[in-house]
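J.: Take this structure, written in structure tokens, and hold onto it; I'll ask about it next.
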Amino acid sequence: MESLSVLLLHPVNAYLEQELDRRFRLIRLWDSPPDGRAEFLRANASAIRAVVAYPGYSALAALIDALPSLEIVASFSVGIDHVDLPKCRERGIRVTNTPDVLTDDVADLAVGLAIAALRRIPQADSFVRAGLWKAKGDYALTTRFSGKRVGIIGLGRIGLAIATRVEAFDCPVNYYQRTKKDYPNYTYYPSVVELAANSDILVVACLLSEQTRHIVNREVMEALGPKGVLINIGRGPHVDEPELVSALVEGRLGGAGLDVFEDEPDVPESLFTLDNVVLVPHMGSGTHETRKAMADLVLGNLEAHVLKKPLLTPVI
């Protein structure tokens, strides 16, 4: 197979790194110190034909402009908000992602976060570990998940998988997206505010774009209300984070389950002391099985590019 020099921006997965090193000529960006990376890129710019990107380790205009031989950006994620698509189109650079293989894990986590937030599972765990069950008696009553109205922003692959799961809990499913679809068992609302007003649990499951940035704002949180729970397994910037913190602290929003944040890995410290919030570190696709499947898609797309075969999961 023709040699391909691949720039990996961050050591995101050991299996992926190992296979990239075995199948291609792997260039690790972190081999250079942070203050020497511009020079490192200049030294390797003419050789690098592929970049493997990841949320938080982006392929934006500055990097793309620094790599004149770049032909393909393979994203180790389904979301591509960390890739400058207009710049790639302008340069004729192909872009791929890793859809489908992470759908089940992300949907599972969304439901898990909702149940954990309503039943206060992490807090109850801490109650037992701290010896408070023996010292103070039974834990406070919590709230049922079954039968709650679940509103989903974005009924794509992940949104549909969440809908299927919550139906098993007898939860009515409502949704919002740009166009109404033919889902007779689900109720469509033409705005996020209307969706929130008619839901007990609001799940963010859409892709991030300029149109969906802060799609959950103060008005949406007010509509969801003091008994409502927000679940975000999309991207941090989908939610106006300062407004979310204020709503939770002031009791205008009942609770939240958050897998993603606006400035990862920085999380607002105000959330740490709240007992109506469940926080996890962007782990939606974080299982051994899914990360291997994602890595295999990245590798398969790069090999298809080298062999001039159709890409497995093209974005552009």
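J.: According to the Kirkwood expression over distinct Cα-Cα pairs, how big is the hydrodynamic radius of the stretch 22-172, in Å? Numbers along the way, then the final one.
T.: Values: mean 1/r = 0.0514 Å⁻¹.
Hydrodynamic radius (Kirkwood, Cα pairs) of the stretch 22-172 is 19.4 Å.
J.: Once the other residues with Cβ under 15 Å from the Cβ of Leu70 are scored (Lys, Arg +1; Asp, Glu -1), what is the net sum? Intermediate results must be reported in sequence, preceding the final value.
T.: Values: positive: Arg25, Arg42, Arg49, Lys87, Arg89, Arg91, Arg94; negative: Asp65, Glu71, Asp84, Glu90.
It works out to a net charge of +3.
J.: Mind checking the full-extension length gain between Asp170 and Arg37? Use 0.36 nm per residue of separation minus the Cα-Cα distance, one decimal, nm. Display every interim value, and only then the final one.
T.: Working: separation 133, 0.36 × 133 = 47.88 nm, distance 5.33 nm.
Using 0.36 nm per residue and subtracting the Cα-Cα distance, I get 42.6 nm.
J.: Dimensions of the chain along principal axes (Cα, Å, largest first)?
T.: Computed over the Cα atoms, the extents are 64, 50, 32 Å.
J.: Follow-up question, since we're still on this one. For the pair Glu289/Ser69, report the inter-label distance in nm, with labels modelled 7 Å from Cα in the Cβ direction.
T.: Distance between the two pseudo-spin positions: 4.0 nm.
J.: Cα to Cα, under 28 Å, and not fewer than 8 places away if on the same chain: which lysines meet these conditions relative to Lys87?
T.: Answer for Lys87, where 28 Å is the Cα cut-off: Lys308, Lys309, listed by chain and number.
J.: I need to check one value: relative contact order of the chain, counting alpha carbon pairs closer than 8 Å and at least 6 residues apart, in percent.
T.: In percent, rounded to a whole number, it is 18.
J.: A follow-up question, please. Return the single residue from Arg178, Arg129, Arg89 with maximal mean-square fluctuation; model: Gaussian network over the chain, springs between Cα atoms under 10 Å.
T.: Most flexible of the set in this elastic network: Arg129.
J.: With viscosity set to 1.306 mPa s at 10 °C, what whole-number translational diffusion coefficient in µm²/s follows for the stretch 166-316 from Stokes-Einstein and a Kirkwood radius over Cα pairs?
T.: Working: Rh = 17.3 Å.
D = 92 µm²/s.
J.: Given 5 Å bins starting at zero, what is the percent of C-alpha pairs of the stretch 228-316 in each, up to the one with the largest pair distance?
T.: Binned Cα distances yield the sequence 3, 12, 19, 16, 11, 9, 9, 9, 6, 3, 2, 0.
J.: Go ahead and run the numbers for FRET between Ser3 and Arg28, Cβ-Cβ distance against an R0 of 22 Å, rounding to 0.05. List each step's numbers first, then the result.
T.: Details: r = 17 Å, r/R0 = 0.76.
Using R0 = 22 Å, I get an efficiency of 0.85.
J.: Next question. Grab the Cα-Cα distance for Tyr188 and Leu274, subtract it from 0.36 nm times how many residues apart they are, and report the gain in nm with one decimal.
T.: 27.7 nm
J.: Only helical DSSP H runs with n ≥ 4 go in: add -39500 (n - 2.57) per run for the chain, normalise by residue count and round the 222 nm mean residue ellipticity to 500 deg cm²/dmol.
T.: Mean residue ellipticity, 222 nm, calculated: -10500 deg cm²/dmol.
J.: Quick check for the stretch 121-248: number of Lys pairs with alpha-carbon distance under 30 Å, counting only pairs 8 or more apart or on different chains?
T.: Lysine pair count for the stretch 121-248: 7.
J.: Calculate, in nm to one decimal, what Asp138 and Leu207 gain on full extension: separation in residues at 0.36 nm each, minus their alpha carbon distance.
T.: Full extension from Asp138 to Leu207 adds 20.7 nm.
J.: Evaluate the relative contact order of the stretch 142-223 (contact order divided by residue number), counting alpha-carbon pairs under 8 angstrom at least 6 apart; express in whole percent. Walk me through the numbers on the way to the answer.
T.: Details: 125 pairs, mean separation 29.1, N = 82.
Contact order relative to length: 36 percent.
J.: Here's another thing I want to ask about it. At a Förster radius of 25 Å, what calculated FRET efficiency corresponds to the Cβ-Cβ distance of Ser126 and Ser246, to the nearest 0.05?
T.: Efficiency at R0 = 25 Å is approximately 0.50.
J.: Calculated FRET efficiency, Arg119 and Tyr15, Cβ-Cβ r, R0 30 Å, to nearest 0.05?
T.: Values: r = 35 Å, r/R0 = 1.16.
About 0.30, to the nearest 0.05.
J.: At 1.4 Å probe size, what's the solvent-accessible area of Glu71? Round to the nearest 10 Å².
T.: 60 Å²
J.: Give me the tail of P(r) for the stretch 79-119 as a percent: Cα-Cα pairs with distance above 16 Å. All intermediate terms of the calculation are to be shown ahead of the outcome.
T.: Values: 466 of 820 pairs.
That tail contains 57 percent of the Cα-Cα pairs.
J.: Next question. Report the Cα-based extents of the stretch 83-215 along its three principal axes, largest first, to the nearest Å.
T.: 66, 34, 26
J.: Sticking with this one: Mean-square fluctuation check for the chain, GNM, Cα pairs under 10 Å: which of Pro33, Pro68, Pro99 is largest?
T.: Answer for the Gaussian network model of the chain: Pro33.
The values are calculated or read from the model by the stated rules, or taken from the named source; none is laboratory data. In this text the structure is predicted, and so the values were computed from the model without any measurement. We place every Cβ from the backbone using ideal geometry, glycine too, and count neighbours over all the protein chains shown. The accessibility values were calculated without ligands, DNA or RNA, using every heavy atom of the protein model including side chains. Shrake-Rupley method; radii C 1.70, N 1.55, O 1.52, S 1.80 Å.
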